[in-house]
Amino acid sequence: MILLIPFNKPCVTGKESVAVQQAITSGKLSGNGAFGKKSVHWLEERLDCEKALLTPSCTAALEMTAILTNVGPGDEVIMPSYTFVSTANAFALRGASIRFVDVLSGTMNIDPEAIKKAITTRTKAIVVVHYAGVSCEMDSIMSLAQDYNLFVVEDAAQGLMSTYNGRALGTIGHFGTISFHETKNYQCGEGGALLINDKDACERAEIIQEKGTNRSQFIRGEVDKYTWRDVGSSYLLSEMNAAFLSVQLDNAEGIYEERMKAWTWYKTGLQQLETQQFITLPKIPEDCKHNAHIFYIKVQNLEERSKLVEYLKENNIMAVSHYVPLHTSQAGLKYGVFIGEDLYTTPESEKLIRLPLYYGIEKEEVNHVVNHIQKFYQQ
């Protein structure tokens, strides 16, 4: 008998507790210890970025990018409305005005044409969100940014191990951010990383991470004392979280393969329903390699989605919707404005259902989900 199939189970490979105990034994529990450095080295080597910094969350990493881009009152930042609140919060906190734009229906990623129409003389940055670990059209976006002298921040919260034309997500724009929240493929409970691709920004990023001081230089012996140099905050990941994370990164390939296997089971099992035009399955552009972060389907409308979610719940399956477009929220109306026509953001978001997908999910469980979706449409 199939018991409740949750939407997510935090990934645990088995040796995380050993690493955490080693961190405790070492006596170094604050940030930038041995496990922190090991994880940073993995990110810098594997992703090929100029510098990586571990942060308490992807939210914190986004807040750092807002400081690094010198965004402030009077500036505008363009981003999709279909994203998590942290993407907008980071820049609203600095006083910027948010210009929300539409997404492409195929990927739920920001539409480059909508970006272009939203640019004004006050635009300072473009923030792209790689939804479900599938890359935005980065060539077009980087070309726009170059033409208008704009910063590009990649919110790659969901994108570790995904690529665009062979380049790791988060390493194409000026800055990238990654999440290690327990809902992500690679997790440590709460955590994140800032990827810096502009060499000139590395020193300032370290200062911002260390409460606005040059403490990192002091620890390396480059200065004889550290002082307050800039604005900043406490943007360090603890050593215990980093120890947990280091084990996940050591097993990154195995985790990726397990998730991709499950993603493919869904794709194969639900293909016939798409052929019959009951549902729409995810589309992966040819220049993108994704990481199987989310398997979602789209149904015909909001009413059908509600009925399907309830039907699956009755059969011990937790399937969930995703973002409510930010421009429709109370804070979104206060801090931003939607530019252009909402052709896809709201209508497509109301059709989307995320299915259970996590490290260790069994084929029997995936089949249970697939079978009940098929039964729903055979009623």
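The values are calculated or read from the model by the stated rules, or taken from the named source; none is laboratory data. Small disclaimer: the values here were computed from a predicted structure and weren't measured. Here the Cβ is made from the backbone with ideal geometry for all residues, glycine too, and neighbour counts use every protein chain on show. SASA here: full protein model, heavy atoms, side chains in, ligands and nucleic acids out. Shrake-Rupley method; radii C 1.70, N 1.55, O 1.52, S 1.80 Å.
Using the Cα centre of the range 1-139 as the reference point, and only Cβ charges (+1 on K/R, -1 on D/E), how large is the resulting charge dipole? Debye, rounded to the nearest 20.
Dipole size: approximately 460 debye.
With a 1.4 Å probe and every protein chain kept in, tell me what percent of the accessible surface of the chain is carbon plus sulfur.
In the chain, the share of accessible area belonging to carbon and sulfur is 49 percent.
How many nm is it between the label spots at GLU364 and GLN21, if each spot is 7 Å from the Cα in line with the beta carbon?
Placing both labels 7 Å along Cα→Cβ, they lie 3.1 nm apart.
Determine, from the Cβ-Cβ distance of LEU29 and GLU182 and an R0 of 25 Å, the FRET efficiency 1/(1 + (r/R0)^6), rounded to the nearest 0.05.
Calculated transfer efficiency: 0.80.
Return the distance in nm (one decimal) between the two label points of a simple spin-label model at ARG167 and GLU222, each offset 7 Å from Cα along Cα→Cβ.
Here the modelled spin labels are 2.5 nm apart.
Using Cα positions and a limit of under 15 Å, work out the aspartates and glutamates in reach of LYS211, with same-chain residues fewer than 8 apart set aside.
Output for LYS211: GLU63, GLU203, ASP230.
Between helix 34-47 and the chain, what is the angle of the helix's C-alpha long axis to the longest principal axis, kept within 0 to 90° and rounded to the nearest 10?
Helix 34-47 sits at roughly 60 degrees to that axis.
Enter the accessible area per residue of the range 3-88 (Å², integer; probe 1.4 Å; all protein chains in place).
43
Taking only the alpha-carbon atoms of the range 36-136, what semi-axes of the equivalent ellipsoid follow from 5 times the gyration tensor eigenvalues under a square root, in whole Å, largest first?
Ellipsoid half-lengths, sorted descending, are 25, 18, 12 Å.
Using +1 on the beta carbon of Lys and Arg, -1 on that of Asp and Glu, and nothing else charged, what's the dipole of the chain about the Cα centre, debye to 20?
Computed about the Cα centre, the dipole is about 540 debye.
Mind checking the per residue accessible area of the range 215-254 for me, 1.4 Å probe, whole number of Å²?
Heavy-atom SASA per residue in the range 215-254 reads 56 Å².
Using Cα positions and a limit of under 18 Å, work out the aspartates and glutamates in reach of LYS298, with same-chain residues fewer than 8 apart set aside.
Within the straight-line limit of under 18 Å, LYS298 reaches these aspartates and glutamates: ASP102, GLU274, GLU310, ASP342, GLU348, GLU350.
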